[in-house]
1. Taking only Cα atoms of the chain, what ratio of Rg to Rh do you get with Rh as the Kirkwood inverse-distance radius?
2. In the stretch 203-264, which GluC sites (Glu not before Pro) are in a loop and have at most 11 other Cβ atoms within 10 Å, using DSSP for the loop call?
3. Averaged per residue, what accessible surface does the stretch 59-127 expose to a 1.4 Å probe, in Å²?
4. Given charges of +1 on the Cβ of Lys and Arg and -1 on the Cβ of Asp and Glu, with all other atoms neutral, how large is the dipole of the chain about its Cα centre, in debye to the nearest 20?
5. Out of every Cα pair in the stretch 175-324, what percent are spaced more than 25 Å from each other?
6. Kirkwood Rh over alpha-carbon pairs of the stretch 128-247, then Stokes-Einstein at 4 °C and 1.567 mPa s: what D in µm² s⁻¹, rounded to an integer?
7. Given the C-alpha centroids of the stretch 289-324 and the stretch 246-278, what is the distance between them in whole angstrom?
8. Tell me, what does the Kirkwood hydrodynamic radius of the stretch 50-140 come to in angstroms if you use every pair of distinct C-alpha atoms?
Amino acid sequence: MRGAGEEENEARRIQDVIVVGGGPAGLTAGLYLARARMDVALWEKDAPGGAPALTERIENYPGFPEGISGWELVDRMRRQAEGFGLAIESFRPMKEIRRGEGHLVVVGEEVEEAARAVILATGMRPARLGVPGEEEYHGRGVSYCATCDGAFFRDAVVAVVGGGDSAVEEALFLTRFASKVILVHRRDRLRASRILQERILQHPKVEFRWKRVVKEIRGDGKKVQSVVLASTDSGEAEEVPVQGVFLYVGNIPNTEEVRGFLELDEKGFVVTNDALETSEKGVFAAGDVRKGSVWQVAAAVGDGVRAALNAQRYVEELKGIAYR
Ligand code: NAP
């Protein structure tokens with residue numbers, strides 16, 4: 001049994017920094033803070049890795065001329081940070097951040113911890129299209145992750161919806177398994193980077209349905225059987241038989257838990273200044289979750305460094321330690 005004094009001591013333990021989110025931004029911030037010998041922990045709702053862990057291959061992270069698997073890249077980041085002493089708390093979702101007396105309180109499901117500074121690096125997740133059949137067939141033909149589910153569609157015909165880097169990259173990945181990939185885009189030109197466009201536009205397995213939007217995803221109650229597309233010009237609809245529908249129609253920031261606490265932009269991304277400080281003193285934001293992010297792994301890593309150095313300075317000033 002613990003005495004009241006012990007409980008009070010535990011309640012009063014204030015860590016230097018809690019990093020929330022275990023993608024490239026959070027892992028990099030954790031690496032820098034651990035090397036600075038700060039009392040730091042990283043909370044991650046699942047296992048560390050973030051969105052790049054679900055990316056088959058990353059070709060634009062400098063230092064890897066042959067490219068590297070997304071999972072391996074983030075696993076290396078994790079091992080590097082842990083090697084310098086970063087404590088990673090996996091499967092610990094953050095539910096709320098609030099202000100305590102002279103510190104911040106990070107609230108989880110059955111845990112509550114105090115910290116002088118918090119770095120929010122919770123990233124973003126794929127947006128839903130919001131059409132009939134999407135929820136019903138999610139996991140039964142509808143997917144947001146070709147890297148996770150692609151192998152289930154060997155010799156199948158699949159549709160990929162969207163014209164950005166994610167849609168094109170994942171459509172190219174799906175050509176390894178599928179007999180045909182139908183790329184559905186609402187305009188007549190892709191948004192994706194030129195190198196990806198060059199690859200997909202001449203791919204023999206990819207068919208394009210330009211200026212089309214998805215109206216409905218249909219199936220037999222168990223799995224997807226077709227997708228209903230409508231022309232953006234005439235509105236005319238056609239039903240296209242497919243066994244899978246992969247949706248890449250943008251992203252939503254993971255900021256529901258801090259809504260009302262931090263200033264967010266109209267899309268829900270966290271507003272920061274040049275020092276990556278948010279509207280709340282001691283709370284920094286880094287990576288995809290931040291307004292103005294360019295949503296690249298290399299940029300998230302840079303954000304992680306900047307947030308860590310500024311959080312360290314903030315904590316040391318708070319503790320009365322002269323900064324260098
Ligand atoms: P994105 O760039 O926002 O693209 C979303 C796509 O979905 C756009 O083509 C958009 O059409 C379309 N779309 C949006 N709402 C739609 C709707 N209601 N119905 C039909 N289509 C809709 O998202 P992303 O591809 O996930 O990329 C996000 C960020 O991550 C980007 O900055 C990207 O560069 C980056 N990223 C980079 C890489 C890489 O470097 N290899 C890989 C993945 C992602 P419009 O074009 O008409 O707007």
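The values are calculated or read from the model by the stated rules, or taken from the named source; none is laboratory data. Just so you know, these numbers come straight off a predicted model, no measurement behind them. Neighbour counts are summed over all protein chains in view; Cβ atoms, including those assigned to glycine, are modelled from backbone coordinates with ideal geometry. Accessible surface areas use protein heavy atoms only, side chains included; no ligands, DNA or RNA. Shrake-Rupley method; radii C 1.70, N 1.55, O 1.52, S 1.80 Å.
1. On the way: Rg = 22.2 Å, Rh = 21.3 Å.
Rg divided by Rh gives 1.04.
2. On the way: sites: E207, E216, E236, E238, E239, E256, E257, E263; in loops: E236, E263.
Passing sites in the stretch 203-264 are E236.
3. Details: 3710 Å² over 69 residues.
Here the per-residue accessible area is 54 Å².
4. On the way: 44 positive and 50 negative charges, 164 e Å.
Result for the chain is approximately 780 debye, rounded to the nearest 20.
5. Details: 5980 of 11175 pairs.
So the portion of pairs separated by more than 25 Å is 54 percent.
6. Values: Rh = 14.0 Å.
Rounded, D is 93 µm²/s.
7. 17
8. Working: mean 1/r = 0.0596 Å⁻¹.
Mean inverse Cα-Cα distance, inverted, gives 16.8 Å.
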